[in-house]
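Asker: Dumping the structure here so I can ask a few things about it.
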Amino acid sequence: MAFIWIVPLLYTILSSFKSEADIQSSAFTILPINWVIGNYQDVLFANTSAPVAKWFMNSLIISVSQTFLVIVLVSLAGYGYSRMKFKGRDAIFIFLMATMMFPAVVNLIPLYKIIDTLGWVNNYMAAIVPGAAGVFNIFLVRQFMQGIPIDFDESARVDGASDFQIFTKLILPLIRPVLTVVALFTFTGSWNDFLWPSIVFNEVEKMPITPGLQLLQGMYALDVAHALTGALIAIVPTFILYLFTQKYFMESLSLSSGVKG
């Protein structure tokens with residue numbers, strides 16, 4: 001199975017160093033006959049109609065901003081639903097969980113109407129804010145917090161700590177593993193998102209890289225080398241992220257399948 005998944009990626013990497021003549025040649029070869037780096041120069045710097053470098057930076061800004069916002073919101077929401085007592089807490093949480101039953105595509109039209117009303121079309125906010133409070137992330141953090149003994153909170157209150165101090169100095173360090181998982185899910189999901197950015201961005205300069213690649217493919221309909229090069233550039237951040245955080249990716253499998261609490 002690993003071989004099946006790796007071969008297309010390996011072919012993409014090697015083909016990005018081939019000339020278009022080598023790719024279109026009837027003689028199929030895995031390794032490039034003549035190694036070239038011109039594809040990267042053309043895609044990144046020599047194409048004003050498809051600014052891949054600008055798309056890359058747009059995606060980076062959107063993904064990092066959304067990840068930070070998600071961490072702040074879901075940690076606060078998880079704390080509220082797991083540690084604080086207020087009227088209707090469980091009912092509200094059940095209602096939130098029920099919204100997961102609806103497919104995301106149902107929300108596209110009303111969500112776009114809201115974004116348009118706020119004047120966020122072709123704005124980073126349109127891609128950052130709507131995904132900032134995913135219900136699954138709130139559920140994941142809440143369940144993890146419920147695995148932390150409530151005695152910790154009570155001991156801190158006896159020492160005079162406020163709710164904010166308990167949250168920042170006690171709870172946040174303990175939930176760091178699940179927040180890391182949420183951050184990884186959020187960043188990869190935001191970076192790879194195609195449908196929503198394609199709807200809210202119609203100016204080429206402001207597009208993230210994933211929907212932008214569609215324009216690159218359209219411009220180079222017969223230029224496979226440039227299309228493969230653009231696709232390879234798009235996966236670099238998530239690939240590097242996985243290399244340095246693969247331990248947390250593996251932990252996320254157990255956290256998402258069998259949540260503590």
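Asker: Determine which lysines satisfy two conditions relative to Lys113: a Cα distance under 18 Å, and not lying fewer than 8 residues away in the same chain.
Answerer: By straight Cα distance, Lys113 reaches no lysines at all.
Asker: Ignoring ligands, DNA and RNA, what accessible area per residue does region 90-214 give at 1.4 Å, in Å²?
Answerer: 54
Asker: What's the angle, to the nearest 10 degrees (0 to 90), between helix 135-146's Cα axis and the longest principal axis of the chain?
Answerer: The angle comes out at about 40 degrees.
Asker: How are the C-alpha pair distances of the chain spread across 5 Å bins, as whole percents from the shortest bin up?
Answerer: 1, 5, 10, 13, 14, 13, 12, 10, 7, 6, 4, 2, 1, 1, 0, 0
Asker: Sticking with this one: With N residues in region 101-184, what two-decimal value do you get for its Cα radius of gyration over 2.2 N^0.38 Å?
Answerer: Ratio of Rg to 2.2 N^0.38 Å for region 101-184: 1.52.
Asker: Of all the stretches in the chain, which is the longest one without any exposed loop site, taking trypsin sites (Lys or Arg not before Pro) in a DSSP loop (any state but H, G, I, E, B) with at most 16 other Cβ atoms within 10 Å?
Answerer: Between the exposed loop sites, the longest stretch runs 88-259.
Asker: Could I ask something else about it? Ignoring everything except DSSP H segments at least 4 long, calculate the 222 nm mean residue ellipticity for the chain; use -39,500 (n - 2.57) per segment, divide by total residues, nearest 500.
Answerer: It comes out at -21000 deg cm²/dmol, rounded to the nearest 500.
Asker: Going through the cross-link list Lys18/Lys54; Lys87/Lys247; Lys87/Lys169; Lys18/Lys247, which pairs have a Cα-Cα distance over 31 Å in this structure?
Answerer: Over 31 Å apart, Cα to Cα: Lys87/Lys247; Lys18/Lys247.
Asker: Still on this structure, I have one more. On alpha-carbon atoms, Rg over Rh for region 124-164 using Kirkwood Rh?
Answerer: 1.23
Asker: Considering only protein heavy atoms, what per residue accessible area in square angstrom results for region 1-75 with a 1.4 angstrom probe?
Answerer: 59
Asker: Compute from the Cα atoms of region 29-130 the Rg and the Dmax, the latter being the longest Cα-Cα distance, and quote both in angstrom.
Answerer: Spelled out, the Cα radius of gyration and Dmax of region 29-130 are 21.5, 70 Å.
Asker: Students often forget the sequence filter, so: which aspartates and glutamates lie under 17 Å Cα-Cα from Lys85 once same-chain residues fewer than 8 apart are removed?
Answerer: List returned: Asp151, Asp153, Glu154, Asp163.
Asker: Additional query: Charges only on Cβ, +1 for Lys and Arg, -1 for Asp and Glu: so what's the dipole of the chain about the Cα centre, in debye to the nearest 20?
Answerer: Charge dipole of the chain: 680 debye, to the nearest 20.
Asker: Next up: Roughly how many percent of the accessible protein surface of the chain is carbon and sulfur, given a 1.4 Å probe and a whole-percent answer?
Answerer: Of all accessible area on the chain, carbon and sulfur atoms account for 70 percent.
Asker: Okay, next question. Any idea what diffusion coefficient region 176-236 gets from Stokes-Einstein, in µm²/s, Kirkwood Rh on alpha carbon pairs, 37 °C, 0.692 mPa s?
Answerer: 254
Asker: Would region 1-81 count as rounded, prolate or oblate if I go by the C-alpha gyration tensor, calling it rounded below 1.5 in a/c and otherwise prolate when a/b exceeds b/c, oblate otherwise?
Answerer: Because a/c hits 1.5 or more and a/b fails to exceed b/c, region 1-81 counts as oblate.
The values are calculated or read from the model by the stated rules, or taken from the named source; none is laboratory data. Bear in mind that the values here come from a model prediction, so they are computed numbers and not experimental data. When we count neighbours, we look across all protein chains shown, and the Cβ atoms used for this are built from the backbone with ideal geometry, even at glycine. In case anyone asks, the SASA skips ligands and DNA or RNA and just uses the protein heavy atoms, side chains included. Shrake-Rupley method; radii C 1.70, N 1.55, O 1.52, S 1.80 Å.
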